[in-house]
1. Within the stretch 37-81, track down each residue that is surrounded by fewer than 16 Cβ atoms within 10 Å (Cβ to Cβ) and touching a strand residue (DSSP E or B) at 6+ places or on another chain (Cβ under 8 Å).
2. Show the residue pairs that are 6+ apart or on different chains and have beta-carbon atoms under 6 Å apart, the first residue being within the stretch 33-44 and aromatic (Phe, Trp, Tyr), the second being in a strand (DSSP E or B) and at pLDDT 95 or above.
3. Go through the stretch 15-36 and give me each residue that's more than 11 Å from the chain's Cα centre (by Cα) and under 18 Å from Ala74 (Cβ atoms).
4. Could you pull out the residue among Asn5, Asn10 that is among the polar types (S, T, N, Q), touching a residue at least 40 places away in the same chain (Cβ under 8 Å) and buried (at least 19 other Cβ atoms within 10 Å of the Cβ)?
5. Is there any pair linking a residue in the stretch 49-76 that is hydroxyl-bearing (Ser, Thr, Tyr) to one that is assigned to a loop (DSSP other than H, G, I, E, B) and exposed (fewer than 13 other Cβ atoms within 10 Å of the Cβ), with Cβ under 8 Å and at least six apart or on different chains, and which?
Amino acid sequence: MQELNLKVLNKPGLHARPAKELVKFNKGIESDVVIKFNGKSANIKSMMAVMALGAKQDAEVTVTIEGPDEADVAKAVTEMFANGFGFPDEL
């Protein structure tokens, strides 16, 4: 299991577009990925659960990754957060 502490950089936070990117990413991996914020947790399989976390810009979230490809997944998730989930206009 890997645990990452990451910052939400997108101005609107973890809203629909980043959540959708996480769900799409999840379809190509074997590991389970859970984001924790403010006492709540969400598996990235669920767009609604990710959005319900209410993580705004500059929020610190904890991401846990468990599975056979967790090292590669950890690297990719870190890059997704750092790059604004592919929405540079939101940084």
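The values are calculated or read from the model by the stated rules, or taken from the named source; none is laboratory data. Keep in mind that what you see is a predicted model, and the values were worked out from it rather than measured. All Cβ positions, glycine included, derive from the backbone under ideal geometry; neighbour counts span all protein chains shown.
1. Those that are surrounded by fewer than 16 Cβ atoms within 10 Å (Cβ to Cβ) and touching a strand residue (DSSP E or B) at 6+ places or on another chain (Cβ under 8 Å): Ser41, Asn43, Ala52, Gly54, Asp58, Glu60, Thr62, Glu66, Gly67, Ala71, Thr78.
2. Listed pairs, sorted by first residue: Phe37/Val61.
3. Matches in the stretch 15-36: Lys24, Lys27, Gly28, Ile29, Glu30, Ser31, Asp32.
4. On the way: Asn5 fails: buried (at least 19 other Cβ atoms within 10 Å of the Cβ).
Answer to the check: Asn10.
5. These pairs meet every condition: Thr64/Met1.
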